Amino acid sequence: MATEQGFDHVDWSYSTARLYQSCPRRFYHRYARSSNQSSGEENQSETNRSPPGAAIGSVVHDCIEAQIERWRRGERLSFQAAQTQATDRLRAYVEANEDLLANEYTDDDAEFNPGDQKRSLIRTAHTHIERFFQVIWPQFSSHTYILHEATRSFTVDKYTVWVRPDLCTRNKDGDFVVTDWKTTSSDPFSEPSVQLLTYALWSHLEYEPELDRILVQLVHTSTGEFVRTRPDEDGLIELKTRIRSDCHDWGTRCKEKDFRPNPATDKCRSCEALDRCESGQSLLKTDDS
Ligand code: SF4
């Protein structure tokens, strides 16, 4: 158990680092409560009070994962199976979250209608899946499968780092390609993300000693756009510095007050620590008044 003397242990992963950056207090409550979660990967079902956008993201991601598993087994991909999977999952999501959707994601002057909500979410998910089959997957036709949805670890100094790439392949030129599915749109002004650099560092250490033969790509299922990055040495050095700094903080800070709250309406509404967080509660009270 974690105590006021600190956490027993929290390994570094992109998701733990993102949680810490987004709200250190939420990070504290997540790992003070459950410090035996060694990989640091989040495991939140879309039936568990996720916002509708996050539910669509989770469902589309899982539908694609199921199709890649068919590819791994040498089977043909099935558009019909993917659409059916998305439909069933989103129906279940709306039925499990009617209160949340009615109270927090429906405009004050509109009436919540579960049937309309299901149709709307399913239509959106089907559009992503169509894009995957029509635009995205044909671009993998010459790739060789290596792994997908596999949890792997490596170390930076004494710190353990976890990754869970969506898909790794070799393209026809022999590049090691790491692909991450995104249901959100791309941001042309963003720097290469920490997530991409983490995949690149892992690939470099475990699979491909030549950095310029590593390609990390975000594939946006809303548009079919591929955003490709080739990592450089400076980016990997910066990432290692951040990993050391985060792990040092997590190993030396020990009290709740050491982890400042960083409230924002959307974050706090879906935060599992809201019942223990005065900052989040007072922000939502102000929003609702
Ligand atoms: S309720 Fe808001 S401020 Fe409080 S821990 Fe959660 S995200 Fe952070």
(request) Please find, within segment 87-128, the residue that is nearest to the chain's Cα centre (by Cα) out of those that are surrounded by 13 or more Cβ atoms within 10 Å (Cβ to Cβ) and among the small types (Gly, Ala, Ser). (result) 125
(request) Determine which member of the set 232, 249 is out of contact with any Ser or Thr (no Cβ under 8 Å at 6 or more places or on another chain), acidic (Asp, Glu), surrounded by fewer than 16 Cβ atoms within 10 Å (Cβ to Cβ) and closer than 30 Å to residue 61 by Cα. (result) 232
(request) Looking at (1) surrounded by fewer than 14 Cβ atoms within 10 Å (Cβ to Cβ); (2) assigned by TED's automatic domain parsing to the domain that holds residue 68; (3) in contact with a helix residue (DSSP H, G or I) (Cβ under 9 Å, 6 or more places away or on another chain), find the lone condition where residue 184 falls short. (result) (2)
(request) Exactly one condition in (1) more than 26 Å from residue 181 (Cα to Cα); (2) away from the ligand (no atom under 16 Å from the Cβ) is not met by residue 287; state its number. (result) (2)
(message) Regarding segment 89-98, can at least one residue be identified that is part of a helix (DSSP H, G or I), basic (Lys, Arg) and farther than 25 Å from residue 212 by Cβ?
(response) yes
(message) So, residue 277, is that one under 24 Å from residue 9 (Cβ atoms), touching a residue at least 60 places away in the same chain (Cβ under 8 Å) and within 13 Å of the ligand (Cβ to nearest atom) or not?
(response) yes
(request) Taking the residues in segment 244-274 that are in contact (Cβ under 8 Å) with a residue 12 or more places away in the chain and hydrophobic (A, V, I, L, M, F, W, C) as candidates, determine which candidate is farthest from the ligand (Cβ to nearest atom). (result) 247
(message) Condition first: in a helix (DSSP H, G or I) and either within 23 Å of residue 267 (Cα to Cα) or in contact with a helix residue (DSSP H, G or I) (Cβ under 7 Å, 6 or more places away or on another chain) (or both). Now tell me which residues in segment 101-115 satisfy that.
(response) 101, 102, 103, 104, 114
(request) Please report, ordered by residue number, the strands (runs of 3 or more DSSP E) entirely within segment 116-199 with at least 3 residues that are at pLDDT 95 or above and more than 26 Å from residue 213 (Cβ to Cβ). (result) none
(message) Take residue 242 and tell me if it is at pLDDT 95 or above and of a type in the set (Lys, Arg).
(response) yes
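The values are calculated or read from the model by the stated rules, or taken from the named source; none is laboratory data. Keep in mind that what you see is a predicted model, and the values were worked out from it rather than measured. FYI the Cβ positions are ideal-geometry reconstructions off the backbone, even for glycines, and counts take in every protein chain you see.
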